[in-house]
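What follows is a set of notes on a single structure, which appears directly below.
The values are calculated or read from the model by the stated rules, or taken from the named source; none is laboratory data. The structure displayed is predicted, hence computed values, not measured ones. Ideal geometry is used to build each Cβ from the backbone, glycine not excepted, and the neighbour counts take in all protein chains shown.
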Amino acid sequence: MRNNLTQLPLFLLCCLSLWIFFIEMAMSQNTTIPVKVGVVLDMDTWLGKMGLSCITMALSDFYASHGHYKTRLVLEIRDSKRDVMGAAAAALDLLQNEEVQAIIGPASSMQANFVIGLGDKAHVPIISFSATSPSLSSLRSRYFVRATLNDSAQVPAIRAIVQAFGWRQVVLIYFDNEYGNGVIPYLTDALQEIHTRISYRSVIHPLATDDQILEELHKLMTMPTRVFIVHMFTPIGPRLFARANEIGMMEEGYVWILTDGLTDILSTLDPSVIDSMQGVLGVKPHVPRSKELESFKIRWKREIQQEYPTNESFELNIFGLWAYDAASGLAMAVEKLGATNFSFQKSHISRNSTDLDTVGVSLIGPKLLQSLLNTRFRGLSGDFQIVNRQLHSSAFQVVNVIGKGERGVGFWTPENGTVRKLDSTSKPNLGTIVWPGESPSVPKGWVLPTNEKKLRIGVPVGQGYSEFVKVTRDPSSNTTEVTGFSIAVFDAAMAALPYVVPYEYIPFEGPDGNQAGDYNDLIYQVYLQKYDAVVGDTTILANRSLYVDFTLPYTDSGLSMVVPTIDKRKKNAWVFLKPLTWDLWVTSFCFFVFTGFVIWVLEHRVNKDFRGPRSHQVGTIFWFSFSTLVFTQKERIVSNLARIVMIIWFFVVLILTQSYTASLASMLTVQQLNPTITDINELIKKGEPVGCQNDSFVCEFLIESMKFDESKLVKYESPEELDELFSNKSSKGGIAAAFDEIPYMKIFLAKYCSKYTAVGPTYKFDGFGFVFPKGSPLVTDVSREVLNVTEGAKMLQFEKAWFGQTPSCPELTSSVSSNSIGLNSFWGLFLIAGVASFVALITCITMFLYENRDTLINLNPPSSIWGKIKAMATRFEDKDLRSHTFRNSDQLPDKQHQGHGCSYSLASYTNCPPSPSSLLIPTHNNFTFFGEQGTPSSGHVDPVSSNQPMHPHILFEYELANINHEQTRCHAP
């Protein structure tokens, strides 16, 4: 009894606690604000069941951890029954009767297309966690929020995979509905950016039968492309791979790439389907691991098994995680609004109103939408962030189906591209991939069509230059043999391929056996799919590349002009003028005269060899300057400035004469094959006839690009015909020049190198290449092997076999070389000589003016500028007696002249030889002037009373005469 009494207070305390708890729960339920939210899902599908379970668990977890929140989301669930109209009816019912503030769903993109319009009308956010089609653009409705990734977000990852393995052609396999068609434009643009062509689009109906799937797969097997990109979901996707495995399309050589529609549900597929998908690659959004995610998976597995105990194949995927995060984000956005008016504004209903007209408008819809767009949190699938009304994408994982499931082989991120590890900074790469057929090697992505045994290779049958392609027919055996340089290169390239490609040559000919058209027509046959390729001397041109693809060139490129040559040795009487160009002749003459003049100026006042009558001085200038050409000058040079000038001038003359001698010797001894025409404009101006090869693009190029008159073009077929046209130039039908491509010109000049040469500029073209259809995967492989052939020893063997031993002929050049030496080779020497002469001349004149500055100042009367110039010119004519060259000859009286042994006196002055300058002889107190010929002047000048300036030597004579009053006598030799 005591024990019972002791336990009574404890019992009462527990009852009191429970009573208080229930009271608080009732009070909390009375204070929370219910907010109705609609859920539209396909309840009989796994996606619908998984999505609903994740939504309910999300709200339960959210409010369990946020019990103090005032709002509570109340779910109104509707089944769309896998029907577009069912989804629309369910949404209309929720908006019209339940007045929900938001709708989660529907599941598919087709259903969402119509529900979005209802949400826009009612201002109710439509939140889908599984409608991934890019066509459901948020721009169409501001109330559609995609809480999932847009299908176009995975396109860069798929493009990176295709680019990493170098596949040039792919086939797209997708649903013929909103989901399938939405991503195709994005895939097409992305693959075009990496020059990968979509060779075929396989569109499969969502309700297609197994027979229809098999029929489409058999069609794909007949195509050369072996890279397939599959954009599907269940149940067609698994059935497609089961049928493909049955007919052998999962063997070695095939490539299958899945979008996230199938990759996300690989864990839920039947093991038999996984067995049929071995080696498949797939991309899916990357979900970072976390403790919350692992805990949720365990709880969700337990709950789903309790709800559906008979189904053991249920697996959680990314769509369930997005449903969980969408519900959590919506609950958070609603709570941010707080206690507000969650009601509808009823519309006015008329008698003729439809059910759509009865839908009201949510008063809180715009605010709820904005709150949801601004919601950020860390969810189970990663960072939950709505950008441009759709979930922001980050990284994608690349998986490989191996064994019983999938294995990750790398990641793709917008920043780093494809990487093996997500946080790796190494070079973009992927892990080891096991391809279909358990092949470790990367498939090349294409094979030859199974319905064609050999590739059809078109070849030209022209007879002009058979060295490149030669078609030989044997009437007895009715066989055709195709040989030639182009054929040999192509055969060598095809034989070097790592796989076998059977092919046969088909001549491009008409019923008469002649070529059925020109080269443009032949190449166009590939575009028309009559030929699989063209092999021959086909030039790579820009306009042709619009229709076909070319391999890399295997010959030289360019277009050149060929003209006849003439030997001009000893056939010109004026050949001695040819070594130098006219500008160099004129420049040299001018410098000879200028240098002679400079030397005369520098030597005139100090050197007797540069004095005398004016005609004599002019002759000295020319004689001295041109005598330096052969170094035969006899005049002495006494001025230092003149010596400097002559040293530099001798160096210029030495180089000039040596160059002239070498060039003239070359012209007179070496054969000079000069072209008859060197200027293309001269041909056009004179209207000369020119030749071009028949069926070649060159004729059209001459007319359109070089503006030749079409009537002046003469077509030829062979080198022999071209030689005949040149020989008939003087008669009607001949030509003055011919234009053709360098490979043809080499063959022509090899035969006639002594008669013709290539001149003028070379117009660039890409040479000869092999032709394939647009996007052909053979182009890359054959181009690679063409490079190996052209860089190896085989190319020399082919050239020797088909072009023979090349004779010693001049190489093709872009311009005509000239033996004449031009001014460009000597302008530096002339510049140095000219500067030296000019500086010496300026220095001499400056010194002369400075020494005679008193003469300009003391002119009486003062003269004009012209008078001053005449006075200075007169003074310049006098000898500079201060110079060392005159000091020993005529400075002092009574001193015998060293050259003549005489002295000058007034009595016998006329018997003396001419003095180098005029002389003033004192006679008592007067002076008599004597000229250079010894003739006394008629007047007498008193140097003391005269104001005119006197030379120091004269002044000395005057003073000496006054002091001694002596007369000197001169004895003539």
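Numbers below:
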| read-out | value |
| --- | --- |
| Given (1) under 26 Å from V434 (Cβ atoms); (2) touching a Ser or Thr at 6+ places or on another chain (Cβ under 6 Å), number of the condition R289 does not satisfy | (2) |
| Yes/no for I194 being of a type in the set (A, V, I, L, M, F, W, C), in the same structural domain as Y254 (by TED's automatic domain parsing) and in contact with a Leu (Cβ under 9 Å, 6 or more places away or on another chain) | no |
| Long-range neighbours under 8 Å by Cβ, at least six apart or interchain, first residue not assigned by TED's automatic domain parsing to the domain that holds S267 within the stretch 32-61, second in a helix (DSSP H, G or I) and of a type in the set (V, I, T) | V35/V334; V39/I55; V40/V115; W46/T268; K49/I304; M50/I304; S53/I304 |
| The stretch 19-70 - residue that is modelled with pLDDT under 90 and among the acidic types (D, E) and, of those, nearest to G338 (Cα to Cα) | E24 |
| Filtered residue count, the stretch 242-260, keeping only those that are part of a helix (DSSP H, G or I) and not polar (S, T, N, Q) | 5 |
| Selected residue (only one of G734, G767 is farther than 25 Å from A533 by Cα and either among the acidic types (D, E) or surrounded by fewer than 21 Cβ atoms within 10 Å (Cβ to Cβ) (or both)) | G734 |
| Subset of the stretch 781-799 (residues that are surrounded by 17 or more Cβ atoms within 10 Å (Cβ to Cβ) and polar (S, T, N, Q)) | S783, T790 |
| Condition met for P288 (part of a loop (DSSP other than H, G, I, E, B), more than 51 Å from the chain's Cα centre (by Cα) and either not β-branched (V, I, T) or not assigned by TED's automatic domain parsing to the domain that holds V398 (or both)) | no |
| Top-ranked residue of the stretch 386-414 - restricted to ones that are assigned to a loop (DSSP other than H, G, I, E, B) and of a type in the set (S, T, Y), ranked as farthest from D120 (Cα to Cα) | S394 |
| Flag for I247 being crowded, with 16+ Cβ neighbours inside 10 Å and either out of contact with any Pro (no Cβ under 7 Å at 6 or more places or on another chain) or under 27 Å from L380 (Cβ atoms) (or both) | no |
| Search result, residues across the stretch 261-280 that are crowded, with 23+ Cβ neighbours inside 10 Å and outside any loop (DSSP other than H, G, I, E, B) | G261, L262, T263 |
| Complete set of residues in the stretch 131-151 that are in contact with a Phe, Trp or Tyr (Cβ under 6 Å, 6 or more places away or on another chain), modelled with pLDDT of 90 or more and of a type outside the set (A, V, I, L, M) | T148 |
| Members of the stretch 483-510 found to be part of a strand (DSSP E or B) and among the aliphatic types (A, V, I, L, M), listed by number | I506 |
| Which numbered condition A573 misses (of (1) part of a helix (DSSP H, G or I); (2) modelled with pLDDT under 75; (3) more than 14 Å from S639 (Cα to Cα)) | (1) |
| Extreme residue, modelled with the lowest pLDDT, among residues of the stretch 764-806 that are under 22 Å from W446 (Cα atoms) and acidic (D, E) | D781 |
| Any chance D512 is surrounded by fewer than 16 Cβ atoms within 10 Å (Cβ to Cβ) and under 32 Å from the mean Cα position of the chain (by Cα) | no |
| Residue check, R168 modelled with pLDDT under 90, in contact with a Pro (Cβ under 6 Å, 6 or more places away or on another chain) and charged (D, E, K, R) | yes |
| Of all residues making up the stretch 292-322, the number that are in contact with a Ser or Thr (Cβ under 8 Å, 6 or more places away or on another chain) and either outside any helix (DSSP H, G or I) or polar (S, T, N, Q) (or both) | 4 |
| Selection count where residues are part of a helix (DSSP H, G or I), farther than 19 Å from K879 by Cβ and touching a residue at least 24 places away in the same chain (Cβ under 8 Å), scope the stretch 625-642 | 2 |
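The rows are residues; the columns are (1) assigned to a helix (DSSP H, G or I); (2) aliphatic (A, V, I, L, M); (3) in contact with a Gly (Cβ under 7 Å, 6 or more places away or on another chain); (4) more than 21 Å from I236 (Cβ to Cβ).
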{"site": "T132", "(1), (2), (3), (4)": "no, no, no, no"}
{"site": "L149", "(1), (2), (3), (4)": "no, yes, no, yes"}
{"site": "Q154", "(1), (2), (3), (4)": "yes, no, no, no"}
{"site": "A157", "(1), (2), (3), (4)": "yes, yes, no, yes"}
{"site": "W167", "(1), (2), (3), (4)": "no, no, yes, yes"}
{"site": "L172", "(1), (2), (3), (4)": "no, yes, no, no"}
{"site": "G182", "(1), (2), (3), (4)": "yes, no, no, no"}
